[in-house]
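> Before I ask anything, here is the structure I am working with.
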Amino acid sequence: MMNPIELKKAVGSGLLSFPVTHFDDQLKFDEAKYRRHVEWLAGYDAAALFAAGGTGEFFSLNPSEIPQVVRAAKASAGNTPIISGTGYGTSLAIEIAQAAEKAGADGLLLLPPYLMFAEQAGLIAHVKAVCQSVGIGVIVYNRDNAVLTAESIARLAEECPNLIGFKDGVGDVDKVIEITTLLGNRLVYVGGMPTHEVYAQAYFAAGVTTYSSAVFNFVPALAQRFYGALRTGDQATVDEILKGFFFPFVALRNRKKGYAVSIIKAGLRVLGQNPGPVRPPLTDLTQEELALLEKIVQANGVSRIAAE
């Protein structure tokens, strides 16, 4: 396992992704297919992979399944760091975090607590308790009912040496700039909006130069090409991929609630891979929507042969 400083450096070095979690027809974890998928993704130079994250349906996994997923990812990812999701209430988040650390996770992504909104003091106590329960690095996910102020993040960074990252899924770029300006290089900053590529240019200007790419699951070469164009200022390529792939992809994703996850598994089906269905309460794309996704993928030069 990496120490927190090594993980921070790795996370900031390139593009990140969240492998989907494979299920069989009975909705049980399909470890063999998952391991093949993680091995395939690791070949496309992801800086780190998030096992059992949001795109990996963390919210529908039994806590006992999460270390299984982490062990499978670690066994298949080679030298690519594996960061496990954790979350829910503080006690359960600690239990999951410690189990993931024992399973070999290099770090943790702390997702928002279940359901309740809380004051900053409560959120600080929650994040601090999880950080202090493990020795590996922790990235806090700023989203939904767990939105931390710049002052709260600064306090946590001072009191928790293994808090190494801040991931934003809110989209208030002015608040992100406040945090990056206040904390400087104390943390690594990760973009975490759904299909973050359409927001990436604004976040780059705010000092957030890496992000988690869900589409990396099924178009990793295209995802890396887009990321490389962003990093080098190749605006023509950025615009080409946004117009040709991401804008129509987002329009299809926005048709129904929960499709931010469902459409990623659908993308793998388009390539002839079978990640299994999403677990309820999510729903899979319809056949008509799957056909539309296939047209988007084909129009961008991605084929089953390339995937294989």
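The values are calculated or read from the model by the stated rules, or taken from the named source; none is laboratory data. Predicted model, so just to flag it, every value in this text is computed and none were measured. Cβ atoms come from the backbone with ideal geometry, glycine included; neighbour counts cover every protein chain shown. Ligands, DNA and RNA are stripped out before the accessible areas are found, and what is left, the full protein with its side chains, is counted by its heavy atoms. Shrake-Rupley method; radii C 1.70, N 1.55, O 1.52, S 1.80 Å.
> I'm checking my understanding of the structure. Among residues of segment 30-60 that are outside any helix (DSSP H, G or I) and open to solvent by 30 Å² or more (accessible area, probe 1.4 Å), which one is nearest to Ser262 (Cα to Cα)?
Asp30
> Related question: Six or more apart or on different chains, Cβ atoms under 6 Å: show the pairs whose first residue is in segment 275-302 and closer than 23 Å to His37 by Cα and whose second is crowded, with 16+ Cβ neighbours inside 10 Å and among the polar types (S, T, N, Q).
Partner pairs satisfying both residue conditions: Val278/Ser262; Arg279/Ser60; Leu282/Ser262; Asp284/Ser262; Leu285/Ser262.
> What single numbered condition from (1) surrounded by fewer than 19 Cβ atoms within 10 Å (Cβ to Cβ); (2) in contact with an Asp or Glu (Cβ under 9 Å, 6 or more places away or on another chain); (3) among the aromatic types (Phe, Trp, Tyr) fails to hold for Phe204?
The failed condition is (2).
> State whether the residues of segment 258-265 include one that is out of contact with any helix residue (DSSP H, G or I) (no Cβ under 8 Å at 6 or more places or on another chain) and without any contact (Cβ under 8 Å) to a residue 12 or more places away in the chain.
Within segment 258-265 (the criterion being out of contact with any helix residue (DSSP H, G or I) (no Cβ under 8 Å at 6 or more places or on another chain) and without any contact (Cβ under 8 Å) to a residue 12 or more places away in the chain), the answer is no, since none of the residues qualifies.
> Let me spell it out: the conditions are (1) part of a loop (DSSP other than H, G, I, E, B); (2) in contact with a Leu (Cβ under 9 Å, 6 or more places away or on another chain); (3) surrounded by fewer than 24 Cβ atoms within 10 Å (Cβ to Cβ), and Pro19 meets all of them except one. Which number is the exception?
Tallying (1) part of a loop (DSSP other than H, G, I, E, B); (2) in contact with a Leu (Cβ under 9 Å, 6 or more places away or on another chain); (3) surrounded by fewer than 24 Cβ atoms within 10 Å (Cβ to Cβ), Pro19 fails exactly one: (3).
> When segment 95-129 is examined, which residues are found to be open to solvent by 40 Å² or more (accessible area, probe 1.4 Å), of a type in the set (A, V, I, L, M, F, W, C) and within 22 Å of Ala157 (Cβ to Cβ)?
Correct list: Ala118, Ala121, Ala125.
> Report the residue count in segment 62-80 for those that are open to solvent by 10 Å² or more (accessible area, probe 1.4 Å) and either in contact with a Cys (Cβ under 6 Å, 6 or more places away or on another chain) or outside any helix (DSSP H, G or I) (or both).
Counting residues in segment 62-80 that are open to solvent by 10 Å² or more (accessible area, probe 1.4 Å) and either in contact with a Cys (Cβ under 6 Å, 6 or more places away or on another chain) or outside any helix (DSSP H, G or I) (or both) gives 6.
> Just to check your reading of the model, which residue among Tyr211, Tyr189 is of a type in the set (Phe, Trp, Tyr), open to solvent by 10 Å² or more (accessible area, probe 1.4 Å) and within 15 Å of the chain's Cα centre (by Cα)?
Tyr189
> Give me the pairs: first residue in segment 53-80 and polar (S, T, N, Q), second residue open to solvent by less than 10 Å² (accessible area, probe 1.4 Å) and not in a loop (DSSP other than H, G, I, E, B), beta-carbon distance under 6 Å, and six or more apart or on different chains, which are they?
Thr55/Ile264; Ser76/Val38; Thr80/Leu49
> Would you confirm, using the coordinates I've provided, whether Lys8 is of a type in the set (D, E, K, R) and either in contact with a Pro (Cβ under 7 Å, 6 or more places away or on another chain) or surrounded by 21 or more Cβ atoms within 10 Å (Cβ to Cβ) (or both)?
Taking the combined requirement at face value, the residue satisfies it.
> A follow-up question, please. Quickly run through segment 214-249 and pick out the residues that are in a loop (DSSP other than H, G, I, E, B) and either surrounded by 18 or more Cβ atoms within 10 Å (Cβ to Cβ) or charged (D, E, K, R) (or both).
Those that are in a loop (DSSP other than H, G, I, E, B) and either surrounded by 18 or more Cβ atoms within 10 Å (Cβ to Cβ) or charged (D, E, K, R) (or both): Ala214, Phe218, Val219, Asp234.
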